[in-house]
1. Determine whether the range 3-14 contains at least one residue that is assigned to a helix (DSSP H, G or I), at pLDDT 95 or above, farther than 15 Å from residue 127 by Cα and over 14 Å from the mean Cα position of the chain (by Cα).
2. Can you say whether residue 83 is within 24 Å of residue 31 (Cβ to Cβ) and in a helix (DSSP H, G or I), as far as the supplied structure shows?
3. Scan the range 38-51 and give yes if some residue there is assigned to a helix (DSSP H, G or I) and under 13 Å from the mean Cα position of the chain (by Cα), otherwise no.
4. Could you please let me know if residue 111 is more than 19 Å from residue 16 (Cα to Cα), modelled with pLDDT of 95 or more, crowded, with 18+ Cβ neighbours inside 10 Å and in contact with a helix residue (DSSP H, G or I) (Cβ under 6 Å, 6 or more places away or on another chain)?
5. Please verify whether the range 58-67 includes one or more residues that are crowded, with 16+ Cβ neighbours inside 10 Å, at pLDDT 95 or above and more than 15 Å from residue 123 (Cα to Cα).
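The values are calculated or read from the model by the stated rules, or taken from the named source; none is laboratory data. Quantities reported herein were computed from a predicted structural model and do not represent experimental measurements. Ideal geometry is used to build each Cβ from the backbone, glycine not excepted, and the neighbour counts take in all protein chains shown.
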């Protein structure tokens, strides 16, 4: 936790939300992987990869940051959560439709890509400004 902050408790709650969502995504990704292995049908391998990387890994890392370090802006943390989970959900909807040859899957996956990109850009801003925003007297 960054010394001198009073606003890290709410962002720690957002961190826990990220961590819990990551665990659900991890279980979903692992279950899909087991299903593909058992059925010898790897049609949804891109879905499996995105759920595990965007869902399990990225959300878990975001959650660790917010839970351990926090940030001065709970609002930015909540927006970040919305963008990150929105991107994950859109990937989980769009990518299988692409694999099945449905034309509307691609626009959904494109939206997912942009939501995920904006999520990461916002996270970069939060990370690079966390110390200054949380403790202006330190710098």
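1. No; the residues of the range 3-14 include none that is assigned to a helix (DSSP H, G or I), at pLDDT 95 or above, farther than 15 Å from residue 127 by Cα and over 14 Å from the mean Cα position of the chain (by Cα).
2. Here the answer is no, as residue 83 does not meet what is asked.
3. Scanning the range 38-51 turns up at least one residue that is assigned to a helix (DSSP H, G or I) and under 13 Å from the mean Cα position of the chain (by Cα).
4. Spelling it out, it is not the case that residue 111 is more than 19 Å from residue 16 (Cα to Cα), modelled with pLDDT of 95 or more, crowded, with 18+ Cβ neighbours inside 10 Å and in contact with a helix residue (DSSP H, G or I) (Cβ under 6 Å, 6 or more places away or on another chain).
5. No: the range 58-67 contains no residue that is crowded, with 16+ Cβ neighbours inside 10 Å, at pLDDT 95 or above and more than 15 Å from residue 123 (Cα to Cα).
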